[in-house]
1. Relative contact order (percent) for the chain, with alpha-carbon contacts under 8 angstrom and 6 or more residues of separation?
2. Once the dipole of the chain is set up with Lys and Arg at +1 and Asp and Glu at -1 on Cβ about the Cα centre, which of PHE177, VAL50, VAL33 lies farthest towards its positive end?
3. Using alpha carbon coordinates only, what is the Rg to Rh ratio of the chain, with Rh defined as the Kirkwood radius?
4. When Lys and Arg each count +1 and Asp and Glu each count -1, what net charge do the other residues less than 11 Å away from ARG17, Cβ to Cβ, add up to?
5. Can you compute the charge dipole magnitude of the chain about its Cα centre, using +1 on each Lys and Arg Cβ and -1 on each Asp and Glu Cβ, nothing else charged? Give it in debye, rounded to the nearest 20.
6. Which residue, TYR83, GLY253, ALA271, has the largest displacement toward the positive end of the dipole of the chain when charges sit on each Cβ (Lys, Arg +1; Asp, Glu -1)?
7. Rounded, prolate or oblate: which fits the range 68-124 when a ≥ b ≥ c are the square roots of the eigenvalues of the alpha-carbon gyration tensor, with rounded for a/c under 1.5 and prolate only if a/b beats b/c?
8. Per-residue ellipticity at 222 nm for the chain, helices alone: DSSP H runs ≥ 4 residues times -39500 (n - 2.57), over residue total, nearest 500 deg cm²/dmol?
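Bear in mind that the values in this text are calculations on the coordinates, not laboratory data. Everything numeric in this text was worked out from a predicted model, so none of it was measured. Positions of Cβ are backbone-derived with ideal geometry, glycine not excepted, and every protein chain shown enters the neighbour counts.
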Amino acid sequence: MVTIGLPVYNGERFLERSLRSVLEQTWTDLELVVSDNGSTDRSMDIVREVAGGDPRVTIVASATNRGAAWNYNNTLANARGRYFRWHADDDWFEPTLIAKLVEALEADPDAVVAHSWTRFVDDDGATTREFPDDLGVDSPRADQRLERAVVNLTYCNPVFGLIRTDVLRGTARIASFPGSDATLLYELALNGPFAVVPELLYNRRPGNSIKTNNSMKAVAEWFSPTGSGGRFPALAQFNETIRAIRRAPLSPGERARCAATFVRHWPIDYARKSRRRARRRRRRAG
């Protein structure tokens, strides 16, 4: 029923705990798809040691680094589950997470994503912040869901929620430009409400794109080695969201309302979030 997609690139430091948190879930009807992006460390050895022949684990690999966007989407391309969740190689989740997210989606056929609250942790696993994720994306109206996603999005934690696989495959998925995770959340909000499990079940270290890259160019190259998506990330995010509105299963009137809502709110909120991201990078850079 559930596929967990775990993209890996030189993740040996935290990978074992990440893997075990999947394989030790109370919900056992799952598969784990590990996509390796040309790692040069012990990552794949660790995967094989932890899996220990577990038939639920599948490894797919590239001989070279093709970028994080390709790696994330490669896990989805190999998924067989009705529901899908991405899982970073330096994060872990509590044993009941998947069971509770499945329960939330099964209880609400209209919901396209189910996610829990997030506990941010440091490299030692100590809690640095508890974040009650809830974008308020629960309206029956697509324009209202989109507005709340744009205005309320601070961290893209819900992109690591449990998502209906058929809905996710109908989106642009993770694109090769900075901020494409936010754009994906906007597109998912166009497709339906988000269900929230109000418990701290997801433990997240600050994303690799933030803590290892201190410039927009570096982040763009993390998404794609060519870095082509980083030249005009704001324009890419704007254009992709407009395309998402056109793709979404909406009436012409709903599309018009969603486009007007996005054009009204996005420029102000994008500028605000860009300033916040820049401050975080300056602090991490010392």
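1. Values: 549 pairs, mean separation 56.9, N = 286.
Once normalised by length, the contact order is 20 percent.
2. The residue sitting farthest along the positive end of the dipole is PHE177.
3. Details: Rg = 18.0 Å, Rh = 19.1 Å.
Rg divided by Rh gives 0.94.
4. Details: positive: ARG13, ARG20, ARG205; negative: GLU16, GLU24, ASP89, ASP90, ASP91.
Once positives and negatives cancel, what remains is -2.
5. Values: 41 positive and 35 negative charges, 321 e Å.
Rounded to the nearest 20 debye, it is 1540 debye.
6. ALA271
7. Details: a/c = 2.29, a/b = 1.13, b/c = 2.03.
Cα axes put the range 68-124 in the oblate bin.
8. On the way: 11 runs with 128 residues, N = 286.
Helix contribution divided over all residues of the chain: -14000 deg cm²/dmol.
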